[in-house]
Structures are given as structure tokens and as C-alpha cells.
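Worksheet: one structure, shown below.
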Number of protein chains: 2
Amino acid sequence: MRLFEPVVINGMTLPNRIVLPAMVTRLSGEDGYVNQDVRDRYLRFAHGEPGLIVVEAMSVHGGRSGPLLRMSDDTFIAGQAEMVRALHDASPSKVAAQIIHFLKIARSGWRQTVADLSHDAIADIVRQYAEAAGRVRRAGYDAVELHMAHAYTLASFLSLRNRRPDAFGRSLENRMRVMTDVIQSVRREVGGDFPVGIRFDGEECIKDGYTLNDAREMALRMARLGSDWISVSAGGKFEDAILKPGEPLYPYTGYSGDRCMPSVNYPDGANIDLPAGIKAYVNAAGFATPVVATGKIRTPELAESFLETGKADLIGMARALLADPDWPRKVRDGLSDRVVHCIYGNVCKALDENFKKVRCVLWPKGALQAPLVHAGTAPSWVYDDPNLVASHVAGRIQLKWNHANDDLAVYGYEIHRSADGGPYIHLTSVKGVFFVDDDVVGGVRYRYRVRAYNPAGLRTPDSNVAAIAMPDRVRTAAS
Amino acid sequence: MRLFEPVVINGMTLPNRIVLPAMVTRLSGEDGYVNQDVRDRYLRFAHGEPGLIVVEAMSVHGGRSGPLLRMSDDTFIAGQAEMVRALHDASPSKVAAQIIHFLKIARSGWRQTVADLSHDAIADIVRQYAEAAGRVRRAGYDAVELHMAHAYTLASFLSLRNRRPDAFGRSLENRMRVMTDVIQSVRREVGGDFPVGIRFDGEECIKDGYTLNDAREMALRMARLGSDWISVSAGGKFEDAILKPGEPLYPYTGYSGDRCMPSVNYPDGANIDLPAGIKAYVNAAGFATPVVATGKIRTPELAESFLETGKADLIGMARALLADPDWPRKVRDGLSDRVVHCIYGNVCKALDENFKKVRCVLWPKGALQAPLVHAGTAPSWVYDDPNLVASHVAGRIQLKWNHANDDLAVYGYEIHRSADGGPYIHLTSVKGVFFVDDDVVGGVRYRYRVRAYNPAGLRTPDSNVAAIAMPDRVRTAAS
């Protein structure tokens with residue numbers, strides 16, 4: 001598979017094409033230092049051996065924003081360096097640090113915007129990015145990623161909503177000015193031989209926001225400035241965030257948050273047109289800058305197809321690796337059937353929205369990290385005949401099945417469904433022995449099967465197949 | 001061109017593949033009867049000879065909503081019949097009526113939702129659709145289109161936000177229940193030989209809304225129920241509408257409104273993945289139901305490519321035909337260079353949002369209809385050398401040129417731009433002799449040329465080419 005071919009990026013060899021994008025954890029203290037929970041989180045990811053781990057955003061300016069890593073002065077370097085050494089000792093994964101600048105928000109709902117920034121304040125931001133990038137290099141990271149996506153300062157300059165009347169707003173060139181200055185000053189600081197990647201939105205997904213039209217030009221500018229990768233996200237903006245009285249405004253709560261982390265109702269690879277359009281444009285202009293695609297890419301087949309059809313150079317997987325950090329090594333080693341599948345229910349997103357430590361709902365109750373289990377005995381069924389029963393209840397399909405046994409504990413039950421004789425697809429996973437399928441239509445014959453799995457992803461045999469035809473309202477002349 | 005090949009839909013022969021989608025005009029009185037302004041609007045469209053004219057939504061229940069046509073009792077038939085006769089006399093275009101049910105909204109911001117409807121109220125809606133469809137046939141229309149898109153009752157049942165706990169909500173099948181009943185009862189009323197089309201959203205484009213996943217199933221259901229076309233829109237929802245104190249909530253004011261009528265910042269054909277995905281799914285299931293694509297399709301080349309690549313069977317153009325109702329006949333007759341181009345500035349949308357009569361900003365000041373002019377003399381230049389001057393001003397490009405003469409009046413000036421030696425593309429049109437281009441990036445050499453046109457689309461020769469290179473911030477080590 002191309003997915004497991006190494007790739008060299010400005011002297012940095014990734015062992016495969018899988019990228020863990022920066023994901024907020026809320027595990028650090030308010031002081032911004034690396035702590036044991038943060039180290040454990042990334043060590044767990046490293047164990048799975050993705051090509052590149054991008055450690056969560058750390059602030060370049062020391063701005064307060066709850067539990068968030070900082071890289072705003074030299075005192076943060078030692079703790080970061082210790083973590084990076086541990087990651088390198090544990091794994092062939094390369095490790096980048098994402099650095100971020102954000103503006104002030106208040107519980108009143110007020111927020112500072114780029115329109116409020118003086119020219120001096122803008123110059124400070126440019127300098128802070130460069131200094132923080134220098135610290136990232138000194139901490140032993142393999143690379144740095146500049147956060148220019150979502151609701152944060154550099155993205156807000158890029159935004160089509162940036163109507164500053166001076167040289168920093170309104171026209172596309174002016175909106176790219178701070179981005180341009182930051183990339184150039186970072187490059188001067190870290191030197192030509194240190195990989196510098198960028199994360200930005202391929203589409204803002206808000207009213208009057210920019211679309212792929214502008215994003216292609218931004219990406220081309222990034223490529224011309226010698227950026228070493230371009231990681232494409234979407235949405236995640238303040239402009240459509242839902243205000244909760246008494247809480248600071250939080251991006252990702254509106255529609256643009258849905259588009260940033262596409263949930264169960266989105267097609268797989270929902271945002272692929274963005275990296276694909278950007279890559280085509282940048283490549284056509286003569287640049288080979290690697291483009292990272294993200295957004296509900298969950299199967300090896302889909303990831304591989306995006307690489308094969310030239311829609312992306314690297315595949316970002318955030319929630320899929322949160323659910324199972326060992327996705328890369330399992331798939332590489334031919335153990336795809338042991339992957340613990342993300343259900344895209346966005347409990348992780350909800351935890352983040354509520355300022356709680358980010359974990360996966362599939363993990364054992366209370367666990368702060370994905371379990372590190374590779375062996376054990378597969379669960380077995382307490383098998384009645386039939387084990388699984390499906391019934392039609394008021395326009396839905398209800399499933400019930402028997403508990404399984406396990407050497408540790410049953411970690412969950414996967415539900416697989418086939419529609420009208422098509423392939424079985426992982427529908428969702430649940431902790432209990434009951435599920436109601438709302439995603440059904442009349443006239444279709446559904447087949448379900450269930451399997452229990454342990455924390456290592458070892459599975460029971462499939463249950464019996466429960467077949468059920470939804471009553472069809474088309475042929476019966478009703479009403 | 002395929003675009004101008006006739007197509008037969010359930011016995012109705014469209015002379016070409018161009019569809020005028022239903023567009024609110026706000027020209028009728030509050031009484032819901034056809035008046036002279038309404039007749040004039042559709043006669044003007046008919047003069048351009050699109051394959052199918054879909055007359056704006058008329059209410060099936062007589063609900064009050066400002067100036068809106070009604071088909072809620074037999075008294076409305078005579079006026080409608082008179083208009084349809086006039087349209088048929090004037091044009092080979094076929095004529096459909098779109099029928100709609102909507103719920104109540106109040107100036108307080110309150111709105112009725114589908115959760116509020118009793119089973120009897122739902123049965124009334126189903127009956128009202130059938131009765132109104134019967135009236136459409138009796139009025140002499142060639143077809144009826146059922147409005148199931150945007151913010152209206154049937155779309156709200158289809159919505160993923162419909163969490164009714166009974167047989168009309170939550171599961172996909174239950175959400176399709178009213179749609180299914182309506183299509184079946186309409187078909188019983190109008191008979192098998194009367195074309196019945198449907199307009200619906202391929203994606204809701206709101207938080208927790210449905211996406212193409214569900215839309216494909218809805219379209220398949222429509223096809224199985226014998227719908228004669230499926231016209232695909234997007235967004236246009238209440239859920240993200242912006243509340244103006246003292247005004248009833250109006251859909252299309254939020255992000256989903258942007259997606260419904262993609263503006264200048266969207267790529268051409270911005271929504272094509274929706275009809276394309278729907279058509280592929282419906283065709284794969286063995287149905288040939290024609291699919292109409294809409295959403296900023298403005299050039300003959302793009303329209304044709306969508307037909308050739310099987311992304312659509314018919315091409316819907318709303319704003320492009322509002323700007324120039326004669327687009328179809330001009331393109332057909334090889335007079336593409338006389339088309340008056342829509343600038344996608346959405347002034348028409350803003351008029352609608354503000355409850356004003358909908359017109360095109362390109363039309364002469366105060367005119368309620370597009371001018372009906374096919375001859376005259378092309379404007380000529382009052383030509384200085386140079387006529388057009390471009391200059392770089394603070395990260396933008398400013399254009400100035402000389403006034404042109406015209407036998408009637410200069411209708412406007414088209415600005416065409418080439419980037420780095422690429423083809424000239426119509427950037428926008430303006431009424432004055434001054435324009436600032438914000439959509440520019442450093443390092444690119446832009447070439448502009450301008451031409452004035454009269455109401456018939458007859459043009460001056462191109463102005464001189466004004467070439468200007470935007471200063472490039474990449475090579476100069478700044479900051």
C-alpha cells in the first residue's frame with residue numbers, strides 16, 4: 001500500500017503517510033507545561049506508529065485559554081524536550097509541534113478580532129511565531145506546524161470576513177499578509193533545513209466566508225514560501241459558534257464545527273474536495289508540496305484511494321486514531337480486523353466544547369488514555385440461537401443480542417449492516433446489547449450481524465445474521 | 001450541444017435542457033392572484049425560450065406570507081390559466097407550477113414547526129397538495145413541481161432535525177413519510193400522464209442537518225414513486241437564519257442561504273456534487289428519473305460539461321436567467337457574446353430578504369422586468385489612449401476607464417481579467433467607470449479589459465488591455 005510507503009519531507013523521513021493532526025486534549029495544566037497526562041497521551045499515539053504526530057497547539061504568546069500548552073518562553077523547552085525524547089525512543093514516528101496565536105475572548109460573549117490589532121501588535125505576533133518555532137526546534141521536535149486554521153488569529157486574517165481597511169485586510173493579498181510575514185520570519189528563525197508545515201481551512205463554511213477559490217491561492221502562496229506541507233481542515237469558526245450564557249464563545253459549536261469534524265451523518269471523506277482541489281492547483285503551478293487530507297477518513301481502502309487518485313499526499317486521521325491509536329500498525333501488519341472503529345459520535349468534540357479532558361467514549365469508563373492491550377483472548381459468545389434478533393418498531397429497526405464473555409471485559413459490540421445484499425459496513429459500536437437503527441428506509445432488506453471485541457480489538461465470531469425487510473410504503477396505496 | 005437537444009418527460013417535450021427554477025418575485029398582491037406584473041415577469045422569461053419554466057411557489061393552503069401566489073381554491077385557477085395560455089402562445093417553453101406548504105411565523109421570532117402538527121393537520125397538508133396539484137392541471141400547466149426544499153413544511157419533515165417521536169420523525173423512513181404520502185396522493189389526483197417533479201435539498205447545510213447520504217435515499221424514493229424529475233437545491237433553512245428584531249424570521253439569511261444561492265466567492269457549479277451524487281445513486285438503482293442541477297451554473301461550457309459527464313440531465317439557472325432571460329436563445333443562436341452576465345452579487349436575494357419586489361441590479365433603475373431589446377446599435381467608445389488604466393493601491397488593483405456612448409443608454413461595463421497569461425474571464429459588471437479588484441494576489445500579472453454593452457447585450461470593442469503586476473512579497477525579505 002502507498003499508505004505505508006515512507007516519504008521524505010525536507011530531510012525528515014516519515015515511516016508512512018498517516019498523520020495524526022493536532023487535537024486538543026485539555027490534559028495540560030493551566031500553566032502550559034507538559035505533564036504526565038500529556039506525555040502519556042502522545043506516547044500512546046506513538047505506540048501506534050503513525051508517520052507524523054502533530055502535538056496539540058501550543059501558544060506562541062502565552063495567552064490564557066484554560067489548559068493549553070505554551071511555547072511562549074524558554075522555560076517551556078525542557079519539558080517539551082523530555083517528551084519528544086520519549087516519543088522518539090518509543091517509536092519511528094516523527095513529531096511536530098503545532099504553534100498557535102489566539103485572541104482574547106470573555107465570558108460576556110465579547111471577543112477581540114483582528115480588526116482590533118494595531119500594527120505593533122501584528123508585528124509582535126509575527127515575532128512570537130518565529131521565536132516559538134525556534135523553541136520547537138531547540139526542544140528536539142522534527143518539525144513545526146503553524147496553525148492558520150479555524151477560529152484563531154492567522155485564520156482570522158485570512159478570512160473573507162476580514163474587512164480591515166488597511167494593508168492587512170479586504171483584498172486577498174492583504175488578507176495573506178500576516179501569513180506571509182509569519183512564514184518568512186519562521187523560516188529565517190529555524191533555517192532552511194527544518195520542516196515547517198501549515199494547517200489551514202480549505203473552506204471557512206460560514207456565511208460570507210472564503211471557499212476553495214481563495215484557499216487555492218493561499219496554498220499556492222504557502223508553497224511558494226517553501227512550506228513543507230499543507231494540512232487542510234475546514235470550518236471551526238467563531239462566527240457561527242453558539243453562545244452559552246456565562247461561557248466564553250467556543251468555536252466548533254456551530255455548523256462550521258460540524259464541517260470541521262464531520263459526524264455520523266456525513267459521508268466518509270466528506271471534505272476531500274478541499275485538499276484535492278488545493279493539491280491540483282499547487283501541483284499545476286509546479287510545486288510538489290505535500291498536501292494532507294483530513295475529515296472522517298476511517299478505512300484503509302478510502303485512505304489508499306485518495307493517495308492513488310492523487311487527491312492527497314498524506315492522510316490525516318484524528319478521531320480514528322483517538323479511538324484506536326494502533327490503527328496504523330494494525331493495518332500495516334495485516335490486522336485491520338482488530339481496529340477499534342471510531343463511531344463519529346463526536347463525544348470527544350462535546351467534551352472539548354464543555355472544557356473537559358478529551359477522551360474517547362469507546363475507552364473504558366474513566367480512562368484517560370486508550371488501553372494498551374495487544375493480546376488476551378477474544379471474547380466468546382454466550383450463544384443462544386438466535387443470538388441477535390431484529391424487529392421493526394414504528395419505522396425503525398430494533399436490535400437485541402446476548403452478552404458476550406471476555407477474558408478482561410467486553411469492550412464493546414460492533415454492529416455491521418448490509419442493505420439489499422450489499423457489503424457489510426460498520427454501522428456503529430455500542431457498549432450495551434441493544435440498538436435502534438434510525439437510518440433505515442422502507443422496501444430495503446437489511447441484514448445485521450454483531451460482534452463483541454476486547455480492548456485489543458480481538459473479536460468474537462460474528463453473531464447470526466438477523467435479516468429484516470422494512471415495510472414498503474410505495475406499493476401499498478396508503479393515506 | 002446537448003443543452004439544446006429536446007427531452008421528453010412523461011409526454012411533455014422540453015425544447016432544450018435549460019430549466020428556470022422557481023424564484024420568488026414578490027410581484028403578486030397579498031390576495032394571491034396572478035396580476036400583470038407576475039404575467040409580465042414570466043412572459044419575459046418565456047421570450048428567452050428555456051426548456052421549462054417553473055412558476056414561483058404558490059401556496060396549497062392559502063397561508064398568508066406577504067405577496068405570494070396561491071392555488072388553495074378554485075378561484076385562483078382562472079387567472080393562472082390565462083397566464084399559462086399567454087406563455088404557451090408566446091413560447092415553446094413548457095410551464096410548470098411549483099406548489100408549497102409552509103408553517104406559521106411571527107414577528108416575535110416564533111415559528112411553528114413540524115413537531116407542532118397533529119395527525120389531522122398532516123392529513124390536511126397531504127390533501128391540500130393533491131387538490132392544488134389538480135388545480136394546476138386544470139389551469140393548463142404542463143406539469144407541477146412539489147416544493148420539498150429549503151425551510152418549508154415538507155423539507156422540515158425530511159430534515160434530520162425532525163425528531164418527532166411518532167411515525168413522522170426521527171428515522172429516515174419516518175421523515176420520508178409525509179413526502180411519500182404527498183407524492184402518492186398528488187399522483188392519484190393528477191393521473192399517471194401528468195408530469196410531477198420535485199424540488200428538494202441535496203444537503204441541508206445546517207448544524208445537524210442531513211447530507212448527501214440521506215438525500216440519495218430520498219431521491220430514490222421519489223424515483224420509485226414515479227416522480228418525473230428531481231430538482232436539487234441546497235440549504236435555505238430557518239435554523240441558521242438571522243433574526244431581525246420586529247421582522248419574521250427569513251430563511252436564506254444564514255450560511256445555508258449562501259449555499260442555496262452561491263455568491264461571487266463560490267466556485268462556479270458550487271453544488272454540483274449533490275445532483276451528481278443523487279443521479280448516480282438513482283441511476284444505479286435502475287431509474288432514469290431526470291435530475292436538475294442548480295447553483296451558479298452560468299456558462300454554456302460548464303452546463304454542457306455537466307450534461308456530458310452525466311452529472312445532471314437538466315440545467316437549472318435562476319439568477320443567470322433573471323439577469324438575462326434571453327440566455328437560452330442567445331446561446332442557442334450562437335450569440336453567446338450578447339449574454340448579459342449575472343454578477344452573483346445577490347442583490348436579488350437581498351431584495352427578497354427585505355420583502356421587496358425582486359429584480360436584477362443590472363436592469364435599468366426602477367425597471368420591474370428585464371428590458372426586451374434585441375437590436376439597436378452597439379455602444380461605442382469615447383476612446384482615449386489609453387482608455388483603461390490600472391493601478392496598484394494598497395494591496396488592491398484599481399481600474400478606471402472612459403465613458404462609452406450608446407444609442408439608448410450604456411447598460412453596463414463588463415470587466416474581463418486574465419491572470420498570468422490565462423484566459424480572460426468575466427470578473428464582474430458595473431454601472432460606473434471605476435472598479436477596485438480585491439481578488440488579487442502578489443506576484444501575479446493581471447491583464448484587464450473592459451467593454452460597455454447596451455440592454456440587448458451588444459458591445460463596444462474591447463478596451464485596451466491594462467496589464468499590471470501585483471508587487472510580490474515572497475521574494476522581497478520583508479517584515
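Data table
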read-out: Number of partner chain Cβ atoms within 10 Å, mean per residue of B:437-444; value: 6
read-out: From phi via Karplus (6.51, -1.76, 1.60), per-residue ³J(HN,Hα) for the range A:326-342 in Hz, x at Gly/Pro; value: 8, 3, x, 6, 5, 5, 4, 8, x, 10, 4, 6, 9, 5, 8, 8, 4
read-out: Environment charge at A:LYS244 (Cβ cut-off 12 Å; Lys +1, Arg +1, Asp -1, Glu -1); value: -1
read-out: Other-chain or far-sequence residues with amide H under 5 Å of A:SER380's (modelled H); value: A:ASN405, A:ASP406
read-out: Charge tally in the Cβ shell below 14 Å around B:ARG138, where Lys, Arg are +1 and Asp, Glu are -1, B:ARG138 excluded; value: -3
read-out: Principal-axis tilt of helix A:77-90 within chain A, Cα atoms, nearest 10 degrees; value: 40 degrees
read-out: Cα-based shape type of the protein assembly as shown, given that a ≥ b ≥ c are square roots of the gyration tensor eigenvalues and the cut on a/c is 1.5; value: oblate
read-out: For B:HIS150, residues with placed amide H under 5 Å, excluding near neighbours; value: B:ASP201
read-out: HN-Hα J in Hz across the range B:201-206 - Karplus 6.51, -1.76, 1.60, θ = phi - 60°, x for Gly and Pro; value: 8, x, 7, 6, 6, 10
read-out: For the range A:319-368 and the range A:119-170, distance of Cα centres in Å; value: 30 Å
read-out: D_trans [Stokes-Einstein, Kirkwood Rh over alpha-carbon pairs] for the range B:108-212, 25 °C, 0.890 mPa s, µm² s⁻¹; value: 170 µm²/s
read-out: Number of partner chain Cβ atoms within 10 Å, mean per residue of B:207-216; value: 4
read-out: Considering only chain B, percent of DSSP beta bridges that pair antiparallel, nearest 5; value: 50 percent
read-out: In order through the range B:48-63: 3J(HN,Hα) via Karplus (6.51 cos²θ - 1.76 cosθ + 1.60), integer Hz, x for Gly, Pro; value: x, 6, x, x, 9, 9, 9, 6, 2, 3, 10, 6, 7, 10, x, x
read-out: Proximal lysine pairs, the range A:213-356, alpha carbons under 17 Å, eight or more residues apart or interchain; value: 6
read-out: Sites B:ALA106 and A:ARG85, calculated FRET efficiency, Cβ-Cβ separation with R0 60 Å, nearest 0.05; value: 0.40
read-out: Chain B, relative contact order [Cα under 8 Å, separation at least 6], %; value: 12 percent
read-out: Viscosity 1.567 mPa s, temperature 4 °C, Stokes-Einstein D of chain B from Kirkwood C-alpha radius, µm²/s; value: 55 µm²/s
read-out: Inter-site label distance for B:ALA467 and A:LEU243 at 7 Å from Cα along Cβ, in nm; value: 5.2 nm
read-out: Volume per residue that the Cα convex hull of the range A:225-349 spans, once the total is divided by residue count, Å³; value: 133 Å³
read-out: Inter-part distance where the range B:185-235 and the range B:369-409 are each reduced to a Cα centre, Å; value: 45 Å
read-out: Percent RCO, i.e. relative contact order, over the range B:1-95, from Cα pairs under 8 Å lying at least 6 residues apart; value: 31 percent
read-out: Sum of side-chain charges, A:PHE102 neighbourhood, beta-carbon under 11 Å (Lys, Arg +1; Asp, Glu -1); value: +3
read-out: Amide H contacts under 5 Å for B:ILE242, placed H, 5+ residues apart; value: B:TYR250, B:THR253, B:GLY254
read-out: Segment B:ALA409-B:VAL474, extension gain: residue separation times 0.36 nm, minus the distance between their alpha carbons; value: 18.9 nm
read-out: Distances in nm from B:ASP73 to the matching label points in the other copies, shortest first (labels 7 Å along Cα to Cβ); value: 8.0
read-out: DSSP-loop trypsin sites (Lys or Arg not before Pro) across the range B:141-187, with at most 14 other Cβ within 10 angstrom; value: B:ARG163
read-out: Helix B:177-190 axis, angle to chain B major axis (alpha carbon atoms, nearest 10°); value: 80 degrees
read-out: Exam field: A:GLU247 pseudo-label spacings to other copies (7 Å along Cα-Cβ), nanometres; value: 3.0
read-out: Within the range A:232-253, backbone nitrogen closer than 17 Å to the virtual label 7 Å beyond the Cα of A:ALA115 toward Cβ; value: A:238-241
read-out: 0 to 90° range, to nearest 10: angle between helix A:36-47 axis and chain A longest Cα axis; value: 70 degrees
read-out: Nm distances between copies for B:ASP208, ranked from closest, using label points 7 Å along Cα→Cβ; value: 2.7
read-out: Rounded to 5, percent antiparallel among DSSP beta bridges of the range A:99-252; value: 10 percent
read-out: Chain A residue with Cβ closest to the axis mapping A onto B, distance in whole Å; value: A:TYR255, 3
read-out: Theoretical ellipticity at 222 nm over the protein assembly as shown - DSSP helices of four or more residues, -39500 (n - 2.57) apiece, nearest 500; value: -8000 deg cm²/dmol
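Here, each number is a calculation from the coordinates, and none is a lab measurement. Bear in mind the structure is a predicted one, so any value in this text is a computation, not a measurement. As a convention, Cβ positions derive from the backbone with ideal geometry for all residues, glycine included, and neighbour counts pool all protein chains shown.
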